[in-house]
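What follows is a set of notes on a single structure, which appears directly below.
The values are calculated or read from the model by the stated rules, or taken from the named source; none is laboratory data. Keep in mind it's a predicted model, so treat the numbers as computed, not measured. Cβ placement follows ideal geometry from the backbone for every residue including glycine, while neighbour counts extend to all protein chains displayed. Calculation scope for accessible area: heavy atoms of the full protein, side chains included, ligands and nucleic acids excluded. Shrake-Rupley method; radii C 1.70, N 1.55, O 1.52, S 1.80 Å.
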Amino acid sequence: MARYSLLLILFACSSSLLAAPAPKDKAKVTAPDLGAMFERVGTIAKGEKWPKPDEETALVDTVKDVVQRMLKAAGKKERSLPVAIEGLQKLVVEGQSHVVSRESQFVIAGSTRSTGMKKCIVFANEIQSTSAEDCILVGKTVRCTSIKNCVVVAEEWIQLTIAKDGECVFCAGQWIRANQLANVLCHVVNPGIAPGPANLVGRDGAAIRCNGGKDSIFLNDKSNFKATSAENCEHLTLTEPIARLGKR
């Protein structure tokens, strides 16, 4: 009888263990989806209607998330974005927004061109400017001659002549091309997926290419970087993704 009771107890214990739910893993933090963000920007630009306040904030917060992830991966302290939404002039959403210069503006457009930008937030399919300072530039492609203390996020590529004087953060889907990169933090999300486009200098497959790199951190393997000369540059291996581009 005692043996029978013991078997019943063991059976009850084992049944309760089998029925008990498995411990849940800690929630995984998903890398921000830049593909979804760029798709939404394109929809807004086509509709030519300014998004609701919570949506415009969400767009900027996605960029902020990418920047903070990059800073963390580089072992740097969190810092504010170079410009905040508050106080900026919100322009009418247009297919094309081409002006001589911009200052303290929030722009959403199909494409935008200017000779200079300062303290602006720009979301567009194509962005071109001679100079940019204290700006957030987000586009499918971003081209700038001289850039200072800016955050640039591009779905495909970033092309620059010179980036120095101030801490710039660059995140591109596939390519970054520059003449001079100094004191910058760079990352390419999907290096090596396709050869560089014909209009970019250095079509050799390297995700990041510059003539001169100095005092900069690249969040990609060194095999994805080519430079004529590089001084005091680091190449760090990521333990978790910075961002993703939809299903790519």
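Remarks
- Count - residues of segment 52-88 that are under 17 Å from Glu39 (Cα atoms) and part of a loop (DSSP other than H, G, I, E, B): 1
- Residue, nearest to Val67 (Cα to Cα), within segment 206-226, restricted to residues that are open to solvent by less than 40 Å² (accessible area, probe 1.4 Å) and without any contact (Cβ under 8 Å) to a residue 24 or more places away in the chain: Phe225
- Yes/no for Thr145 being within 19 Å of Gln180 (Cα to Cα) and without any contact (Cβ under 8 Å) to a residue 60 or more places away in the chain: yes
- With respect to the conditions (1) under 18 Å from the mean Cα position of the chain (by Cα); (2) surrounded by fewer than 19 Cβ atoms within 10 Å (Cβ to Cβ); (3) at pLDDT below 95, Gln159 falls short on a single one, namely (2).
- Candidates Lys46, Lys72, filtered to the one that is surrounded by 13 or more Cβ atoms within 10 Å (Cβ to Cβ) and either at pLDDT 95 or above or touching a strand residue (DSSP E or B) at 6+ places or on another chain (Cβ under 9 Å) (or both): Lys72
Residue by residue, here is whether (1) more than 22 Å from the chain's Cα centre (by Cα); (2) crowded, with 16+ Cβ neighbours inside 10 Å; (3) modelled with pLDDT of 95 or more; (4) not charged (D, E, K, R) holds:
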{"residue": "Ala2", "(1), (2), (3), (4)": "yes, no, no, yes"}
{"residue": "Leu6", "(1), (2), (3), (4)": "yes, no, no, yes"}
{"residue": "Pro21", "(1), (2), (3), (4)": "yes, no, no, yes"}
{"residue": "Pro32", "(1), (2), (3), (4)": "no, yes, no, yes"}
{"residue": "Glu56", "(1), (2), (3), (4)": "no, yes, no, no"}
{"residue": "Val63", "(1), (2), (3), (4)": "no, yes, yes, yes"}
{"residue": "Arg79", "(1), (2), (3), (4)": "no, no, no, no"}
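- Output for segment 101-117, where each listed residue is of a type in the set (A, V, I, L, M) and in contact (Cβ under 8 Å) with a residue 40 or more places away in the chain: Ile108, Ala109
- Selection within segment 95-117 - in a strand (DSSP E or B) and open to solvent by 80 Å² or more (accessible area, probe 1.4 Å): Gln96, His98, Glu103, Arg113
- Of all residues in segment 118-128, those satisfying the criterion of being open to solvent by less than 10 Å² (accessible area, probe 1.4 Å), free of Cβ contacts under 8 Å to residues at least 40 places away in the same chain and part of a strand (DSSP E or B) are Val122, Ile127.
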